[in-house]
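Before any comments, here is the structure.
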Amino acid sequence: MTNRDPLYRRHRFPAEVISHAVWLYFRFPLSLRMVGDMLASRGIIVSHQTVRLWAEKFGRTFASDIRRRSSSQLGDKWYLDEVVISIRGKKHWLWRAVDQDGFVLDVLVQSRRNAKAAKRLMRKLLKRQGRVPRVMITDKLRSYDAAKREVMPGVEHRSHKGLNNRAENSHQPVRRRERIMKRFKSQRHLQRFVSIHAPIANLFHIPRHDITSNHHRELRAAAMDLWKKIAQA
């Protein structure tokens, strides 16, 4: 390529190949070797280690750009939830916040499931979103209420198991990836993956309710166009 973007300097493959590999890895529940096989079917021979390095380097950059572009477009109704993930025999907790449309606001991996961990998530949310929510919805874990009283005392809080299905369902893509990857290797590995995966998943998350098929196709095409713009800028 001539006039290459500095991001791709010293890489022998063009931006289109690298961005496509990163898109495959984070968009679908594929292993590194599966992505390598899919590239090989098109005559592009790379090792799974190369795909891993691409996913970490370029995925982080793409995710940051997507997050910056969508920072003011996410909802004001926050659903918070936590799920346990076992790493090398030790329990860790993946804390997650999504809005009313299912878009991921933030994710945070912590070793505790208590008020201190809930406060850390809320403070990170406030810093990144730059505003308080209209209402916060959680399950019945008391740590949320204790943390909210200190961090967001004026926000309405609804605590009910059945109301929080939206956040609980948002964990499913990471659960699928956990099985494909045969578990995450470390807390840092998990945090790195979910921090990149969440913004990319947001870009291609198109709610199907009350949307015509034509509109859905238009939104999907717009998401793909934006991805190409971000990846090849």
**OP:** Can you grab the distance from the C-alpha centre of region 38-79 to the C-alpha centre of region 192-216, Å, no decimals?
**Re:** 13
Original post:
In the chain, what percent of the accessible surface is made up of carbon and sulfur (1.4 Å probe, ligands and nucleic acids excluded)?
Top reply: 49
**OP:** Report, please, the projected area of region 84-233 averaged over directions, based on the convex hull of its C-alpha atoms, in nm².
**Re:** 10.6
**OP:** Of the DSSP beta bridges with both residues in the chain, give the percent that are antiparallel, rounding to the nearest 5.
**Re:** 70
Subject >> Dipole of region 79-120, positive direction: furthest Cα of Ile87, Leu108, Val98, with charges on the beta-carbon >> reply: Ile87
Subject >> Gained length - Gln49 relative to Asp210, 0.36 nm times residue gap less alpha-carbon distance >> reply: 53.7 nm
Original post:
Helix 213-231: angle to the longest alpha-carbon principal axis of the chain, degrees 0 to 90, nearest 10?
Top reply: 70
Original post:
Expressed as a rounded percentage, what relative contact order does region 106-157 have, with Cα pairs under 8 Å and six or more residues apart?
Top reply: 43
Original post:
What residues have an amide H closer than 5 Å to that of His157, excluding those fewer than 5 places away on the same chain, when H is modeled at 1.01 Å from N in the peptide plane?
Top reply: Met136
Original post:
Cα axis of helix 15-27 to longest principal axis of the chain: angle in degrees, 0 to 90, nearest 10?
Top reply: 40
**OP:** Determine the relative contact order of region 3-48: mean sequence separation of Cα pairs under 8 Å and six or more apart, normalised by residue count, in whole percent.
**Re:** 22
Original post:
Want the number for Arg134 to Lys185: 0.36 nm per residue separation, take away the alpha-carbon distance, what's left?
Top reply: 14.7 nm
**OP:** Mind pulling the angle between the C-alpha long axis of helix 48-70 and the longest principal axis of the chain? Nearest 10 degrees, somewhere in 0 to 90.
**Re:** 50
**OP:** Please turn the phi angles of region 171-183 into ³J(HN,Hα) values with the Karplus equation 6.51 cos²θ - 1.76 cosθ + 1.60 (θ = phi - 60°), one per residue in order, whole Hz, x for glycine and proline.
**Re:** 6, 4, x, 6, 4, 5, 5, 4, 5, 4, 7, 6, 6
Original post:
When ligands, DNA and RNA are left out and all protein chains stay put, how many square angstrom of accessible area per residue does region 94-217 have with a 1.4 Å probe?
Top reply: 53
Original post:
How high is the FRET efficiency between Arg12 and Ser86 when r is their beta carbon distance and R₀ equals 35 Å, given to the nearest 0.05?
Top reply: 0.35
Original post:
Placing +1 at every Lys and Arg Cβ and -1 at every Asp and Glu Cβ, with all other atoms neutral, what dipole size does the chain have around its Cα centre, in debye to the nearest 20?
Top reply: 1040
**OP:** Quick one: dipole size for region 60-130, taken about the Cα centre, charges +1 on Lys/Arg Cβ and -1 on Asp/Glu Cβ, in debye to the nearest 20.
**Re:** 560
Subject >> Segment Gln232-Leu126, extension gain: residue separation times 0.36 nm, minus the distance between their alpha carbons >> reply: 35.1 nm
Subject >> Cut-off under 5 Å, modelled amide H: who pairs with Gln100 long-range >> reply: Gly75, Asp76, Lys77
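The values are calculated or read from the model by the stated rules, or taken from the named source; none is laboratory data. These figures come from a predicted structure and were not determined experimentally. Here Cβ is always computed from backbone atoms with ideal geometry, including for glycine, and neighbour counts include all displayed protein chains. With ligands, DNA and RNA removed, areas are computed over all heavy atoms of the protein, side chains included. Shrake-Rupley method; radii C 1.70, N 1.55, O 1.52, S 1.80 Å.
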